[in-house]
Amino acid sequence: YEDDDAVRHWKKIANLPDERIHRLGMDSNFWSMGVPGPCGPASELLYDRGPEHGPEGDVEKAGDRYLEIWNLVFMQFERGEGTGKDDFPIVGDLPAKNIDTGMGLERVAYLLQDKDNVYEIDEISPVLERAAQISGKTYGANHEDDVKMRIVADHVRSSLMLIGDGVTPGNESRGYVLRRLIRRTVRAMRLLGVEDRVLPELMPVSLKKMKQSYPELESEFPRISGVAFAEEDAFRQTLKAGTSIFDLAAEETRTADGTEISGAKAFQLHDTYGFPIDLTLEMAAEQGLLVDEVGFRQLMDEQRQRAKADARSKKGQHADTSAYRSLIDQHGPTDWQAYTTLTTDSTSLGLLRAGESVDELGPGEIGEIVLDRTPFYAESGGQNADAGLLTWDGGSAEVIDVQRPVRGLVSHQVRVVEGSLRPQTDLQAAVDAQWRLGACQAHSGTHVVHASLREVLGPTALQNGSYNRPGYLRLDFGWGGALTSEQVRSVEDVANQALRADHQVSAHWMTLPEAQEIGALALFGETYGEKVRVIEIGGPWSRELCGGTHVRSSSQIGTVVVTSESSVGSGSRRVEAITGIEGFRYLARERDLVAQLGEVLKAPAEDLPGRLDDLVQRLRTAEREVERIRSASLTARATELAAGARDVYGVSFVGHIADGADGSDVRRLALDIRGRLPGDRAAAVAVVGSSNGKPSVVVALNDVAQEWRLKAGDLVRAAATALGGNGGGRDDVAQGGGVDPTKTAEAVAAVERAIGERVTS
């Protein structure tokens, strides 16, 4: 690009001679985003690494000799429509010009440290060296192995820093970037021959170097490592399940002289075995194969559409929204008053059943009604819809669900109780006040629990999903491992302290940048309008974007009782809690349960844990003694039965019916009998048992019997058929079952007949 200004300044400021200034074309030295907008010429600062890295002269054809370490973009023009890097017009100057500059710190580091690449600098190389050590490889001996070790070194450090910044593995946006980095690390090490867990070996090495510049990483490492190690464990299971399926698909493709794995097979790997498409693409490329990405994307889209249609059908909605759109075209958007009132005088604008307009809904019928105005909250933002009643002259209908089938329109699913409901009927819409109070308590309680989690665990414990209905809430949040009982109790305590403090709950409308400026939390990836609603509980203590209904002060929530904490996927946990009167009822039930246990055990509440532990230990001791006695009984019985073996066509045969024995006892007895029979002649054992009305059978053969071409699987199928079932297994031991416990004698006889048929054939 003919940037005379830059050339003049470089000569004046840096005293550079002409031979050290190279003019390149717009495709190399002019920056734009590829679309109309800001653009400008660039100056790139290159370091001459010397003749051993390439010929002198042309910086674009000198290989690795000239290394870019810094650049400046002089953002001064506005570009128009065009294609490529240089095929577009410059339409004018920017009203405000600036310089975008950046230096490659790691490139400077490897120049100063006299290394060949960034992977060998002091911050990264220790991980590379550890990867080589545990894989038994030598860095520098094989290019393909070197590439894998470099991937590991870079990705381990990147994962460490991302998790340190609060990112958790997920399927979208930055969470997906982190997930890919961890998965590529694990797979690269597997390709280097390491089957065991690798992040516990590699990440502490990266921490040791990176904490010198970022000391906070050390205190956060228990959390960071928990997230990383859990993701690795989950992915190792995915690899174990899916790799063999991929290998089979690749082999089938090559056998058919193909070069492309089908989209259906790639979709199966994704949908059934959790293989992400990028991993399938990478593994296919390693074997010189392609993947039908178009077919895969089409199947993924079809699955999404089916899921959406299923969700709509469960909510009484339909894929065809034309009837709803017709109503909004005729009457405009619904006057939605859920924030300000629980009752409105309304008029029915339209009735629908199964997505189609109807003229009337009669007693007992379920359908949908659209009103000109409504006080009902439509399900959204994790909050369940309101319940309530519609009444009109001569009739009433209960509201059982409220949704927004199209933007701006609220539709009420109703069940007509009495009378008939028709369009243009004047009626009163009334929300169930107790239902709404419970919903407000649960939704505000969700915000309180979220703030409490962040206070106890730290600011990275961010919500990634929620659901609440009257008296109940659940909140999903990013976290790498299970919470301890102490942490759960601390979250509950912080939440209830906030209720006791009676924080004011307020709602404010503002622009998204204004909300972000005051630190309001938003769900990552959500789409927001020009104005957003910010809910504050105690000012900055809890400040979130939210469209739900809330109490006026935190004490109105009543109580927060955490009832469970569990995993909902790698790097994500779920807390469930009870609020309001339901919380008090839950605690009352717990109190009654403790009282009942105390009465049964004749012990005060504080002694119950010790008394129960003592009972459990005594029960386990008794169970072990029962098992010992049963085992001794079976052993004694096995000796007796082996001594009574009969000759069946030259085979030492023991057939026994063990009444009351379950499958494990039957198997143990059969194997014990077989072990007590002479090993120098063919022997077969068939034991049939029946427990809780379910018969089971095991057949065991010794080596000589197998040499006679007898197979336990064939014999057990004969017995299981007599029992009305089926079975199978190895040639030496096989197991089956059935449904008819009255046929145990026939099952033993069937094995005896099958031995005769096979020996004499």
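The values are calculated or read from the model by the stated rules, or taken from the named source; none is laboratory data. As the structure is a prediction and not an experimental result, all values here were calculated from the model. FYI the Cβ positions are ideal-geometry reconstructions off the backbone, even for glycines, and counts take in every protein chain you see. For the accessible areas, the whole protein counts, side chains as well, though only heavy atoms, and no ligand, DNA or RNA atoms are used. Shrake-Rupley method; radii C 1.70, N 1.55, O 1.52, S 1.80 Å.
Taking only pairs six or more apart or across chains, which ones have beta-carbon atoms under 7 Å, a first residue in the range 581-596 that is closer than 18 Å to LEU473 by Cβ, and a second residue that is modelled with pLDDT of 95 or more and open to solvent by 100 Å² or more (accessible area, probe 1.4 Å)?
none
Say we look at the range 205-255 and pick out the residues that are of a type in the set (Ser, Thr, Tyr) and part of a helix (DSSP H, G or I); which of these is surrounded by the most Cβ atoms within 10 Å (Cβ to Cβ)?
Across the range 205-255, the extreme among qualifying residues is SER206.
Step by step: first the residues of the range 494-528, then only those that are free of Cβ contacts under 8 Å to residues at least 40 places away in the same chain and under 25 Å from SER564 (Cα atoms), then the one that is most open to solvent (accessible area, probe 1.4 Å). Which residue is that?
Per the stated criteria, the residue is GLN497.
Within the range 653-670, can you find the residues that are open to solvent by 60 Å² or more (accessible area, probe 1.4 Å) and closer than 19 Å to GLN706 by Cα?
Once the filter is applied, which keeps residues that are open to solvent by 60 Å² or more (accessible area, probe 1.4 Å) and closer than 19 Å to GLN706 by Cα, the range 653-670 yields only ARG667.
Search the range 379-407 for residues being part of a strand (DSSP E or B) and either in contact with a helix residue (DSSP H, G or I) (Cβ under 6 Å, 6 or more places away or on another chain) or of a type in the set (Val, Ile, Thr) (or both), and hand back the single one that is farthest from HIS331 (Cα to Cα).
Result: GLN383.
Any residue in the range 8-24 that is of a type outside the set (Lys, Arg), under 49 Å from the mean Cα position of the chain (by Cα), open to solvent by less than 90 Å² (accessible area, probe 1.4 Å) and at pLDDT below 90?
Yes, there is a match, as at least one residue in the range 8-24 is of a type outside the set (Lys, Arg), under 49 Å from the mean Cα position of the chain (by Cα), open to solvent by less than 90 Å² (accessible area, probe 1.4 Å) and at pLDDT below 90.
I'm trying to understand the selection: among the residues of the range 163-191, which are over 14 Å from PHE229 (Cβ atoms), open to solvent by less than 60 Å² (accessible area, probe 1.4 Å), of a type outside the set (Gly, Ala, Ser) and in contact with a Lys or Arg (Cβ under 7 Å, 6 or more places away or on another chain)?
Hit for the range 163-191 is VAL167, nothing else.
Does the range 680-688 include one or more residues that are surrounded by fewer than 15 Cβ atoms within 10 Å (Cβ to Cβ), on the phi < 0 side of the Ramachandran plot and assigned to a helix (DSSP H, G or I)?
no
If I ask for residues that are more than 18 Å from GLY583 (Cβ to Cβ) and open to solvent by 30 Å² or more (accessible area, probe 1.4 Å), which ones from the range 481-493 would you list?
ALA482, THR484, SER485, GLU486, GLN487
Can you tell me which residues in the range 595-652 are open to solvent by 90 Å² or more (accessible area, probe 1.4 Å) and assigned to a loop (DSSP other than H, G, I, E, B)?
If the condition is that a residue be open to solvent by 90 Å² or more (accessible area, probe 1.4 Å) and assigned to a loop (DSSP other than H, G, I, E, B), then LYS602, TYR649 are the ones that fit.
I need every pair where a residue in the range 158-180 that is farther than 19 Å from LEU279 by Cα has its Cβ under 8 Å from the Cβ of a residue that is assigned to a helix (DSSP H, G or I) and of a type outside the set (A, V, I, L, M, F, W, C), sequence separation at least 6 or different chains.
Short answer, once both residue conditions are applied: LEU160/SER206; LEU162/ARG174; ILE163/ARG223; GLY164/GLU216; GLY164/GLU220; VAL167/ARG174; VAL167/GLY175; THR168/GLY175.
Filter the range 742-752 down to residues that are more than 18 Å from VAL654 (Cβ to Cβ) and either modelled with pLDDT under 90 or surrounded by 20 or more Cβ atoms within 10 Å (Cβ to Cβ) (or both), then give me how many there are.
Final tally of qualifying residues: 1.
Condition (residue is within 39 Å of the chain's Cα centre (by Cα), outside any loop (DSSP other than H, G, I, E, B) and under 27 Å from LEU16 (Cβ atoms)) applied to the range 110-120: is it met by at least one residue?
yes
If VAL194 satisfies every condition in (1) touching a residue at least 24 places away in the same chain (Cβ under 8 Å); (2) surrounded by 17 or more Cβ atoms within 10 Å (Cβ to Cβ); (3) part of a helix (DSSP H, G or I); (4) not basic (Lys, Arg) but one, which is the exception?
(3)
Collect the residues in the range 415-439 that are more than 23 Å from HIS331 (Cβ to Cβ), part of a strand (DSSP E or B) and open to solvent by 90 Å² or more (accessible area, probe 1.4 Å), keeping them in residue-number order.
Within the range 415-439, just GLU418 meets the criteria.
Does any residue of the range 21-42 turn out to be outside any strand (DSSP E or B), out of contact with any strand residue (DSSP E or B) (no Cβ under 6 Å at 6 or more places or on another chain) and hydroxyl-bearing (Ser, Thr, Tyr)?
Yes: the range 21-42 contains one or more residues that are outside any strand (DSSP E or B), out of contact with any strand residue (DSSP E or B) (no Cβ under 6 Å at 6 or more places or on another chain) and hydroxyl-bearing (Ser, Thr, Tyr).
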